[in-house]
Amino acid sequence: MTNIHCDNPDLIPLEDALKSILQSAMPIQRSETVDIISANRRVAAEPLIARHDSPAFDTSMMDGYAVNSNDFKDSKELIISQRVAAGDSPTPLMTQTAARVFTGAPIPAGADTVVIQEECVENNNKIRLPDEIIAGKNILLRGENIRANEVIFEQGSYLQPYHLGLAASQGLSSLEVYSKLSIALINTGNELVMPGSELGPGQIYNSNYFTIRSMLEGIGCKTLSFNIVKDTLDETKATLAEAANKADAILSTGESLSAMKIMSVMQSNL
């Protein structure tokens, strides 16, 4: 990381300042329950424990025919005894028969493999099987993805879309997450003007506000805006006191540090 500080011997390197801040920072323990879609890019306040196996039943991974591989020893031709689509509840497979199954369908009890439809020939409600059948092929077994009581993700996990999908697969509609960290963003400087206004002599536009706020909100923080603070002791003290009462942390900046440098420093520490 690049050191960004003045050549003043009274100042400490950025790395040391950051280390000191992190060591003295107090964890925020507040949490809240939010619906699953709102939990995206939030931090889990508790682990997610699987309620049930996933999948909850042996599942066909292909369109084809569910058979018992032992029946193949007696005949290469089997009667189609039932048709099973996703969402159906099959009956146990009868001996010397095959079940027409589709991707996502439950496997009938008694079947131990799925032969893909391209390898079979169907005629008059019978199928002719290929020369070789491998037990267990094209079946996703119950619990193969997730086992009941398994930890799906840990407390403190930064939740991303796939976490939300896993939670939904367990039937959850909400998750417990830590409350967003509130950051008081203070921009100081008599020279600052918000975009959209006309610049006066010696003034510049307040670009840091937009750069830093967007980055903070991009990592899940809640920003409280305190800008623009004039360069007076009374206004500075009053603003800092108000910010300390309302926010978990304070981030103060002036325009002397360019937006590009701020971006570089923040990205290296996210």
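The values are calculated or read from the model by the stated rules, or taken from the named source; none is laboratory data. Note that the structure is a prediction, hence the values are computed from the model and not measured. Glycine gets a Cβ as well: all are built from the backbone with ideal geometry, and neighbour counts include every protein chain shown. Ligands, DNA and RNA are stripped out before the accessible areas are found, and what is left, the full protein with its side chains, is counted by its heavy atoms. Shrake-Rupley method; radii C 1.70, N 1.55, O 1.52, S 1.80 Å.
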Taking the Cα centre of the chain as origin, sum charge times position over the Cβ atoms of Lys and Arg (+1) and Asp and Glu (-1), and report the length of that vector in debye to the nearest 20. 400
Using a 1.4 angstrom probe, figure out how much accessible area the chain has per residue, in square angstrom, rounded to the nearest whole. 59
Label zone at Q170, where the point sits 7 Å out along the Cα-to-Cβ direction: segment 13-48 residues whose backbone N lies under 20 Å: 31-48
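Calculate the FRET efficiency for I134 and M215 from the Cβ-Cβ distance with a Förster distance of 41 Å, rounded to the nearest 0.05.
0.15
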Report the gain in length on full extension from E235 to I80: 0.36 nm times residue separation, minus Cα-Cα distance, nm rounded to one decimal. 47.4 nm
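Taking Cα atoms of segment 171-233, Rg/Rh with Kirkwood Rh, to two decimals? If you can, show how the numbers build up before the last one.
Values: Rg = 16.5 Å, Rh = 13.8 Å.
Expressed as Rg/Rh, it is 1.19.
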Grab the chain and count how many Lys pairs have their alpha-carbon atoms under 14 Å apart, sequence gap of 8 or more, or different chains. 4
Restricting to Cα pairs under 8 Å and 6 or more apart, the percent relative contact order of segment 132-241 works out to 25
Of the listed values (i) -0.51, -0.71, -1.10, -1.18; (ii) -0.28, -0.57, -1.19, -1.30; (iii) -0.23, -0.49, -1.13, -1.29, grab the one calculated as log10 I(q)/I(0) by the Debye sum over Cα atoms at q = 0.07, 0.10, 0.15, 0.16 Å⁻¹ from the structure here. (i)
For S89 and N124, what is the calculated FRET efficiency with R₀ set at 22 Å and r taken between the beta-carbons, to the nearest 0.05? 0.25
FRET efficiency, K222 to S69 (Cβ-Cβ, R0 51 Å, nearest 0.05): 0.30
Distance between Cα centroids, segment 80-155 to segment 19-48: provide it in whole Å. 43
